[in-house]
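For reference, the structure discussed in these notes is given below.
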Amino acid sequence: MSDVSGRFVVAAAVVAVSLAAAAATAAHDYGDALSKSLLYFEAQRSGRLPYNQRVRWRGHSGLTDGLEQGVDLVGGYYDAGDHVKFGLPMAFTVTLLSWGVLEYGAGVSAAAELAHALQAIKWGTDYFIKAHTAPNELWAQVGDGGSDHYCWQRPEDMTTSRRAYKVDADNPGSEVAAETAAAMAAASLVFRRAGDAHYAHLLLHHAQQLFEFADRYRGRYDESVEVVKSYYPSSSGYQDELLWAALWLHRATGRRDYLEYALANADDFGGTGWAVSEFSWDIKYAGLQVLASELLVEAKERRLRLSPEQRAVVEQLRSKGEYYVCSCMNRNPGGAEHNAGRTPAGLLFIRPWNNLQYASGAAFLLTVYSDVLSALGEPLRCGGDAGDVLAFAKSQADYILGSNPMRTSYLVGYGAAYPRRVHHRAASSASYRHDRDFIGCLQGFDSWYSARRENPHDLVGAVVGGPNGEDVFTDHRGKYMQTEACTYNTAPMVGVFSKLMQLEGQRPQRRRPEEAEPAPAEDL
């Protein structure tokens, strides 16, 4: 614990109870939060920026990605405050964005944000199409975390390695291939509903090939792409991704062979055995268990036929999904060993590094599961009902938006108080649009990283890592465990904010002109 944190712990604990009570009645503008969340993805874009780019302090970057390997890998997203394009978390981000639009697209449309949501998804899927260069070949990463973290430069000034790394039949990577398949399958549903049948078909074609590749040539991707081990290693292995992708492909195609694959392998792959208290880019079990629970709703509405044996497997998956839900709500019997951690003010707390990724993921899964309970007309087995589950999801969203002891919104740009020194190379440096003087690798540390002043640009819509286990947050670039934001922190909140906006009957407010007006093409 830092010295700064230590001075605030006692104070935070004293006010936690009163502020937690206030949080229950705090009103938030979920439509505004939704709009800002989608804006964030434009700040994370790599490649040649479009004419309607709204985040004007960014410029083109990574325009030679893949050139050394003879492949076009321009585009995609930077995952956080650095400039490596990591395939696994990028694909997970797109899967969750797509899932949120599929479940709560009506709210996204009501907020006049559907076009931006589609653009956010497509920026990722366009890149995946490029990266999938052969049926059994997927480029899984561009850049090297070691050299990248040695420098503090804007993406427009990058001098670090842009070497690309792939997985193939000889060097398999089932996690990244299966997650990319899931992302493209989920996105295909989004674009089919949006009326773009051609693009939806293209995505589905890639998704099916990638799933077959992931399944036929099984292997851990961090053993084939060793440079990823220090940043995004796969602790849960690839079996959760295989089940997850199969369920998404079933949903996208309606083909029973994908459903039969998921249910036949649910036991051997851990789907019916793993009872977990976290959901993340790495550990997908809770997500696939909640996704499988939606099959029961389809069966009840006679849109899906399940044999007695299949229903039994789905019920087992649902049971483990409920374990996760009950763990988040601290209702599993057996005490702390079977329930997720909490801060004194009630935020889910899994681990100190980028903890809000787990809280935002939980908020989304519990929101979806509350709808499952409502549709089935059943209570939560550990006590409570759909309303209780949704209320807890709302409490996590409200905490992120400022109903917390620090009275700080951890969604940048929302409310009056939010992090101003986000650990982000581009946001903390001079705007490339106005100052194109080259920033050297180490120069950036002296000129920008070490500066005590606020970032020159707000990373609007980013969900940062968040407070420590005592609800204390230190707004300092060097506190990267708290102040660095990631795309997969914000992605699940798009669906949550949409649902809450509709639930509260809120009417979206007009965006500020500086956020909505596109930058002139010549300024990019």
DSSP H segments from the chain that extend 24 Å or more along their own axis, Cα-based, with Kyte-Doolittle mean of 0.5 or above: 3-25, 87-110, 174-193, 356-376
Inverse mean reciprocal Cα-Cα distance (Kirkwood Rh) of the chain, Å: 23.1 Å
Calculated [θ] (222 nm, deg cm²/dmol) that DSSP helices of n ≥ 4 give over the chain, each run adding -39,500 (n - 2.57): -15500 deg cm²/dmol
Modelled FRET efficiency - R0 51 Å, Ser147 with Leu503, Cβ distances, 0.05 increments: 0.65
Protection proxy ranking, peptides 340-347, 61-68, average beta carbon neighbours within 10 Å, highest first: 340-347, 61-68
Alpha-carbon centroid distance for the pair the range 184-235 / the range 258-301, whole angstrom: 18 Å
Rough spin-label spacing in nm, given labels placed 7 Å along Cα→Cβ, for Phe438 and Val297: 5.5 nm
Nearest-10 value in Å² for the accessible area of Thr133, using the 1.4 Å probe: 60 Å²
Euclidean distance between Cα centres, the range 406-481 to the range 303-338, Å: 40 Å
Alpha-carbon gyration tensor eigenvalues x 5, square-rooted, for the range 284-351, Å: 30, 12, 9
All Cα pairs of the range 302-404, percent lying beyond 23 Å: 30 percent
Ratio Rg/Rh [Cα only; Rh per Kirkwood] for the range 366-437: 1.28
Carbon/sulfur fraction of accessible area - the chain, other protein chains in place, 1.4 Å, %: 51 percent
Cysteines having no other Cys beta carbon under 4.7 Å from their own, within the chain: Cys328, Cys486
Projected-area mean, the range 175-314, by convex hull of Cα positions, square nanometres: 9.0 nm²
The chain: Lys pairs at Cα distance under 19 angstrom, eight or more positions apart or on different chains: 13
Two-site label geometry, Ile129 and Ala375: point separation in nm, points 7 Å out along Cα→Cβ: 2.9 nm
Accessible-area value, Lys394, 1.4 Å probe, nucleic acids and ligands omitted, Å²: 40 Å²
Highest to lowest packing among 478-490, 404-416, 193-205, scored as the average C-beta count within 10 Å: 478-490, 404-416, 193-205
Relative contact order for the chain, counting Cα pairs under 8 Å that sit 6 or more residues apart, in percent: 23 percent
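The values are calculated or read from the model by the stated rules, or taken from the named source; none is laboratory data. Quantities reported herein were computed from a predicted structural model and do not represent experimental measurements. Heads up, the Cβs are rebuilt from the backbone with ideal geometry, glycines too, and the neighbour counts pull from every protein chain shown. With ligands, DNA and RNA removed, areas are computed over all heavy atoms of the protein, side chains included. Shrake-Rupley method; radii C 1.70, N 1.55, O 1.52, S 1.80 Å.
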